[in-house]
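The structure appears below as structure tokens.
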Amino acid sequence: MVEVITPQTPQWWKKPDVKKAAILWVICTAVIGFVGVEFHVRSMVRPASETMSGVINLMRIFTWAAAPVAGLVGAMCITVLTSKRHYGDNPPAEADHEIRNSPRATALWVVVSGILCLFALVTGMIVLQQDNKAVLDTQAIQVNVTGQQWVWNFDYANGARSQDLYLPVNKPVVFHITSKDVKHSFWIVQMGIKMDANPGYTTETAVTPDKIGVFDVRCAELCGLLHAYMQTKVHVVSQADYDAWLTAHAATEAGA
Amino acid sequence: MTTLTHKSVAAPGKSIIEKLNVFTALALGVITAVVVWRLSLAFLPQDADGATMFTREDKITLLSMCGWFVGFMTGIGALVGPFRWLMGKDLSHDENMFLAGQDMGPKRYLRYTTDHKVVGIQYLFITILIFFLGGGLAMLIRTNLGHATGGWIHPQAYNSIVGTHGILMIVGTIIMVTGPFGNFIMPIMIGARDMAFPRLNALSFWLIVAAAVPLMWGQFIGGISTGWSAYNPLASQAPLGMDGYIMYICIFAVSTMVAGANITTTVVKMRAKGMTWNRTPIFIYGTVASVALALPAFPVFFLSQVLSAFDRALGTTFYNTAGGGSGWLYENLFWIMGHPEVYVILIPAIAALMEMAPVFTRRPLFSFNVAIMGIAGISGLSALVWAHHMYISGWAPLLNAPFMITTELISIPTGMLFLVLVGTLWRGRLWMTMPLMSIFALLWNFMIGGITGIYLSDVPADAFLHGSMYVTAHFHYTLMGAGLTGALASLVYWFPKMTGRMFDKTLSWVSFWLVQIGFNVAFVGMFAVGLAGQPRRVESYAPTFNTGNLITTIGAYTIMIGMLVLLYGVISSARTGVKAPKNPWQAKTLEWTVDYPIPLENFDVLPIVTADAYGYGKAKS
């Protein structure tokens, strides 16, 4: 792709190394895309919210978008490495050309990387906008989250307070997050949301759990001695179970 | 240098400068520190009742460390010159020649020597030392994380090890290319006799030595239990070791600024006749971009730590929300330095590999102009992306979108660097050496580091990935997989010019493969546990992360073996390696035109440059 067309040489796409690189490009792109996506998707936790499914999808899209670029670099490297290698203490003969640039290749490269960049931006922006809107949902369940060294406390609208988080399935939730001492970061792993807990400020994030089960809350910001142990569980339960739990705990709270 | 003869002082007998070396510096540093410590212990008033922080202890610690710093710098001789200027005089010619260190043997490496070649070797030595220490700490971390239930390090010590590993490696990687090679090779490469400010050069090196002591000191008074980012308010409640971190950063920031001003001036003003910007080697561009980027970044780092010291020692509340400040202020200041800094590390390493690419493919560098555009583009944009470290901090959710744009735009100039390297390899005659394979390794590692960077730059994906081991793996891929690879290649490439002997070929290959394979094993494992939900900086984890962590630990040990092989290679090759010819790689840059040992002012007759250094290749196509 860096060859200049001259009448003496065959057209650039007919040169053997270009052909070889082209075939390798297809193979590399397929392998990188497939391996990249499988590695990410299989390593990632099973999603427990649409937000998390969205994140996994984004990874899938970005990996496939990046695969052709990585594949091209890989294909060219393999083509080069599998030909004309020289071992020894003295340099090989100099190359049979002295091409210093190729405006066409450069322009193509920049335009394509610009388009890919734009694509990544637009895709990300759309999802970002949806996430931002979710925080404004006043119909959602509101939960106050307070981090302190090294536990999480959850306060519900009816006065209930717990250290394990309870949520009903398929209902939007907005978290209002703060901290009593240092910075923590509130991370519900399987739901793909995270927001720092800052002392003196309240930050918001929102999610709609879509699976019943028990999931992990971990602190994602180094917060001192027992940071590694600052974790708890989220119990996502049916609406009826949630209501029962909430009533029971509100009563305890009032009685205490 | 040699022309500085005006207003020279008569030097009866031995000048003060000739009596000073690292030992007088250590002695004076320790004495001053102890004196300041006793004095402050005796005279500082007690804290008021009810003061929650260790304000008085912080004051005493910081003052003692300042005492160490002033004593050390005086003892090494950094103040002799400025003091003479105050008196309206200057160093005599003899003294200047003494400082230049000609015919002084190994002792000049222990002095305030101004010769850029000596400073380069000093930098190389301290870089190796930092990597040895930082790498040792990494091995402690990985051993502790080898098994979920195997944690044998106390959490406080573990946190401190993580923080110290982080800051040591950050400093080590910042100086690993511009320090040894920027000082030793760069002036010869541009055909200069020395740096523009030789004494500043010595100053920048000895500041790093002076800085190291407070950091080590801090290890014994509570350690740096905050990670290398030292976020407030965690840092203001951290033990006294934090003061060591603060002093370390403040001194190191000055060192970086001094080196930055010096290197930039040297390149702008002292290039050989005929070396127009079009004929200036790409490595020079990389070095200048790196230090020029550090020039605005590090004062902010300095400032952030000064405010931190105020909060700790004087009871101010810059970072305390309850007192009208904000932790977000610290995060902003920190990352305004923190993001340009990763390119401070990366750019010279990649530029060094770009310099080697034409040499080992025997063809011209592909698209010199695009390479410069790429370097300039990255440098410019990197100043505008810092808040992508704060997407989920809650500081300014509205700014997430703009910062996402600037961050992802960086992929375009970064892509240009790939184009230049791949384009240079294409249809080259590969000369299979460790530096050449390092280019392939860089392309591989930096591709993975770059693409994972795109996932992280995306706000919704970052909401999942931020603060997880995925981030840790990502930046190791860029700083180590790309940066360190370039630095190791530079070491092998310029080793003959710096030591007069070739780097042992077999050892360079063995080390290369051990490091690269170990590296990829280690950090792929780390990507996996990050995706599975393991947070960063934890000393214990859920059993589900066992396998990935074990893989990472195995990879880390492989890297360690590879690095030890390399260290052995450095020592054995420098002592008994094959004597190197003047230009073993048949390269065309100026540093290969001087004989070893390189004379004090490099060139008898300054060279005149008539073409760029990439005139390889035969037939006109």
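Burial of accessible area (probe 1.4 Å, heavy atoms of protein chains only) in segment B:379-403, relative to its chain alone, reaches at least 50 Å² for B:Ile392.
For segment B:578-615, applying the loop criterion from DSSP together with a ceiling of 15 other beta carbons within 10 Å to the trypsin sites (Lys or Arg not before Pro) yields B:Lys582.
Looking at segment A:176-256, the pairs of alpha carbons with a distance over 20 Å make up 46% of the total.
Report the percentage of all Cα-Cα pairs in segment A:13-54 whose separation exceeds 14 Å, rounded to a whole percent. So the pairs more than 14 Å apart make up 63 percent of the total in segment A:13-54. Structure remark: mean-square fluctuation, Gaussian network model of chain A, C-alpha springs under 10 Å; the largest value among A:Thr178, A:Thr79, A:Thr51 belongs to A:Thr79. Rg over Rh for segment B:123-226 works out to 1.12, using Cα positions for both radii and the Kirkwood form for Rh.
Fraction of C-alpha pairs exceeding 17 angstrom in segment B:263-309: 46 percent, rounded to a whole number. Close amide H pairs (under 5 Å, H built 1.01 Å from N) link B:Gly151 with no residue at least 5 positions away or on another chain.
The alpha-carbon atoms of chain A define a convex hull whose volume equals 194 cubic angstrom per residue. Taking amide H as placed 1.01 Å from N in the peptide plane, A:Ser185 has its amide H under 5 Å from the amide H of A:Ala197, A:Ala220, A:Glu221, each at least 5 places away in sequence or on another chain.
Taking the chain by itself as reference, segment B:506-546 contains these residues with an accessible-area loss of 50 Å² or more in the full protein complex (1.4 Å probe, heavy atoms): B:Leu531, B:Pro535, B:Arg537.
With the convex hull drawn over the C-alpha atoms of chain B, the volume per residue is 160 Å³.
All C-alpha to C-alpha distances of the protein assembly as shown, sorted into 10 Å bins beginning at zero, yield P(r) values of 2, 12, 21, 24, 19, 12, 6, 2, 1, 0 percent in whole numbers. Measuring max minus min along each principal axis, the C-alpha atoms of segment A:64-158 give extents of 81, 35, 19 Å (largest first). Computed over protein heavy atoms with a 1.4 Å probe, the accessible surface of the protein assembly as shown works out to 38 Å² per residue.
For a paramagnetic label modelled at 7 Å from the Cα of A:Ala240 toward its Cβ, which residues of segment A:128-171 fall within the zone defined by backbone nitrogen distances under 17 Å? Counting only backbone N, you get A:168-170. The Cα atoms of segment A:187-227 cover 32, 23, 11 Å along the three principal axes, with the biggest extent listed first. Measuring spread by the Cα atoms of segment A:121-161 yields a radius of gyration and Dmax of 14.9, 42 Å. Our analysis of segment A:48-120 gives Rg over Rh at 1.20, with the two radii drawn from alpha carbon positions and Rh computed by the Kirkwood formula.
Largest first and in whole Å, what are the equivalent-ellipsoid semi-axes of segment B:420-538 based on the Cα gyration tensor, each being the root of 5 times an eigenvalue?
Semi-axes, largest first: 32, 16, 11 Å.
Per residue, the average separation of C-alpha pairs within less than 8 Å and at least 6 apart gives chain B a relative contact order of 15 percent. Size descriptors for segment B:227-299: radius of gyration and Dmax over Cα atoms are 17.6, 57 Å. Could I have the simple spin-label model distance between B:Thr547 and A:Asp137, label points 7 Å from Cα toward Cβ, reported in nm to one decimal? With each label point 7 Å from Cα toward Cβ, the separation is 3.5 nm.
List the chymotrypsin sites (Phe, Trp or Tyr not before Pro) in segment B:137-220 that DSSP assigns to loop (not H, G, I, E or B) and whose Cβ has at most 14 other Cβ atoms within 10 Å. Which are they?
Here the sparse-neighbourhood loop sites are B:Trp152, B:Phe220.
Taking only the alpha carbons of segment B:281-358, we obtain Rg and Dmax values of 17.2, 58 Å in that order.
Quick one: among A:Val18, A:Val110, A:Val189, which has the greatest mean-square fluctuation in a GNM of chain A with alpha-carbon springs under 10 angstrom? Of A:Val18, A:Val110, A:Val189, the most mobile in the Gaussian network model is A:Val110.
On the protein assembly as shown, 69 percent of the accessible area sits on carbon and sulfur atoms, based on a 1.4 Å probe. P(r) for segment B:353-460, from all Cα pairs and a bin width of 5 Å, is 2, 12, 19, 19, 15, 12, 8, 6, 4, 2, 0 %, short bins first. Based on alpha-carbon atoms, the Kirkwood radius and the radius of gyration of segment B:508-621 give Rg/Rh equal to 1.23. For chain A, the membrane-span-like helix rule (DSSP H, alpha carbon extent of at least 18 Å along the helix axis, mean Kyte-Doolittle at least 0.5) picks out A:16-43, A:50-81, A:103-134; this says nothing about an actual membrane.
In terms of its alpha-carbon gyration tensor, segment B:29-174 comes out oblate; a/c meets the 1.5 threshold, while b/c is at least as large as a/b.
The chymotrypsin sites (Phe, Trp or Tyr not before Pro) found in segment A:9-93 that occupy coil by DSSP, while having at most 15 further C-beta atoms within 10 Å, are A:Tyr87. Note on chain B: helix-only mean residue ellipticity at 222 nm, from DSSP H runs of 4+ residues weighted -39500 (n - 2.57) and normalised by residue number, equals -21500 deg cm²/dmol. Gyration tensor over the Cα atoms of segment B:506-563: the corresponding equivalent ellipsoid has semi-axes (square roots of 5 times the eigenvalues, largest first) of 26, 9, 8 Å. Taken across both chains, chains A and B shield about 8000 Å² of accessible surface from a 1.4 Å probe. Comparing mean-square fluctuations of A:Val143, A:Val31, A:Val169 from a GNM of chain A with C-alpha springs under 10 Å, the top value falls on A:Val31.
Mind running the shape call on segment B:323-388? Use the C-alpha gyration tensor, a ≥ b ≥ c as the square roots of the eigenvalues: rounded below 1.5 for a/c, prolate if a/b tops b/c, oblate otherwise. Taking the square roots of the gyration eigenvalues as a ≥ b ≥ c, segment B:323-388 is prolate.
The values are calculated or read from the model by the stated rules, or taken from the named source; none is laboratory data. Treat the numbers as computed from the prediction; the structure is a model and nothing was measured. No Cβ is skipped: glycine too gets one built from the backbone with ideal geometry, and neighbour counts run over all protein chains shown. Protein only, heavy atoms only, side chains kept; ligands, DNA and RNA dropped before computing areas. Shrake-Rupley method; radii C 1.70, N 1.55, O 1.52, S 1.80 Å.
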